[in-house]
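Read-outs: derived from the displayed coordinates by stated rules, not from any lab. Here the structure is a predicted model, which means the values were calculated and not measured. Neighbour counts are summed over all protein chains in view; Cβ atoms, including those assigned to glycine, are modelled from backbone coordinates with ideal geometry.
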Amino acid sequence: DTGVSQNPRHKITKRGQNVTFRCDPISEHNRLYWYRQTLGQGPEFLTYFQNEAQLEKSRLLSDRFSAERPKGSFSTLEIQRTEQGDSAMYLCASSTYYEQYFGPGTRLTVT
Amino acid sequence: DQQVKQNSPSLSVQEGRISILNCDYTNSMFDYFLWYKKYPAEGPTFLISISSIKDKNEDGRFTVFLNKSAKHLSLHIVPSQPGDSAVYFCAASAEGSQGNLIFGKGTKLSVKP
């Protein structure tokens with residue numbers, strides 16, 4: 001399977017805990033995006049990497065959120081001190097330009 | 001303020017008929033538009049796209065029409081099949097952006113046999 005993969009698929013955590021998600025993009029794609037989707041909404045942009053450089057961050061990405069893409073390959077998204085409002089589907093996408101290909105997402109539930 | 005609007009939350013169509021999904025946008029800087037299909041518990045799947053220099057793009061049963069003056073685009077699916085039942089998202093990218101997409105809220109399409 002050469003698509004975008006994300007792990008874990010589901011994560012349940014208690015409020016205040018830290019969580020980390022991983023995204024493995026399509027290998028030849030140099031662009032990687034993180035989005036968040038809540039019920040009844042479309043995906044909302046969080047951050048963008050071109051190779052290993054994080055070039056854009058949404059104002060949605062509070063100081064508790066950090067993302068990395070070491071060596072321009074896989075990416076991680078970490079949420080520190082989770083809050084109930086962080087409960088959402090976290091989607092990763094990769095592309096060479098406009099058409100973005102999404103992974104299956106990580107469903108985060110904060111209790 | 002929503003820059004990409006899908007005003008119909010749901011649409012029901014008979015198998016074999018045409019499905020028309022609509023999308024309006026407000027930002028005149030958008031220069032590329034995409035449609036995605038999403039099944040429950042899966043990520044969005046890319047369907048078809050159109051550049052702002054075109055007014056139509058076709059791929060098999062899917063055709064996207066763009067009316068720049070009206071800031072409106074539509075996705076036509078013909079003939080509709082039960083497997084097309086999913087949530088459809090319209091997305092747009094702005095000229096000069098890093099390619100991050102602005103999505104509408106989606107339209108749930110149900111194709112009945």
- Query: If each residue's Cβ is checked for other Cβ atoms within 10 Å, how do A:11, B:38 rank with the fewest at the top?
  - Reply: A:11, B:38
- Query: For B:111, B:64, what's the fewest-to-most ordering of other Cβ within 10 Å of each Cβ?
  - Reply: B:111, B:64
- Query: How big is the gap, in Å, between the Cα center of region B:67-113 and the Cα center of region B:5-62?
  - Reply: 2
- Long-range amide H partners of residue A:30 with built H, under 5 Å: A:95
- Query: ³J(HN,Hα) across region B:75-88 via Karplus (A = 6.51, B = -1.76, C = 1.60, θ = phi - 60°), whole Hz, x for Gly/Pro?
  - Reply: 10, 10, 10, 8, x, 6, 10, x, x, 7, 4, 5, 9, 10
- For residue A:88, other-chain or 5+-apart residues with amide H closer than 5 Å (H placed, Pro excluded) are A:108
- Note on the structure: Here the net charge surrounding residue A:41, from other residues whose Cβ is less than 15 Å away from its Cβ (Lys, Arg +1; Asp, Glu -1), is +3
- Message: With only alpha-carbon pairs counted, each pair once and no self-pairs, how large is the Kirkwood hydrodynamic radius of the protein assembly as shown in angstroms?
- Response: 18.0
- Could you go through region A:29-38 in sequence order and give the Karplus-derived ³J(HN,Hα) for each residue, using 6.51 cos²θ - 1.76 cosθ + 1.60 with θ = phi - 60°, rounded to whole Hz, and x for Gly and Pro? 8, 8, 9, 9, 10, 10, 10, 10, 10, 10
- Item | Sorted by Cβ density within 10 Å, fewest first, the residues B:50, B:20, B:77, A:12 | A:12, B:20, B:50, B:77
- Note on the structure: Non-local residues with an amide H under 5 Å from the amide H of residue A:56, with H modelled 1.01 Å from N and Pro and chain starts lacking one, are A:48
- Note on the structure: With no solvent term and unit scatterers on the alpha-carbon positions of region A:1-92, Debye gives log₁₀ I(q)/I(0) at q = 0.15, 0.23 Å⁻¹ of -0.56, -1.28
- Message: Strictly over 28 Å apart at the Cα level, which of B:71/B:108; A:11/B:38; A:11/A:71; A:57/B:56 would you flag in this model?
- Response: A:57/B:56
- Task: List, in order, the whole-Hz ³J(HN,Hα) value for each residue of region A:96-110 obtained from phi through the Karplus relation with A = 6.51, B = -1.76, C = 1.60 and θ = phi - 60°; use x for Gly and Pro.
- Result: 9, 8, 6, 6, 9, 10, 9, x, x, x, 10, 8, 9, 10, 9
- Compute the Rg to Rh ratio over region B:4-112 from the alpha carbon atoms, using the Kirkwood formula for Rh, and round to two decimal places. 0.95
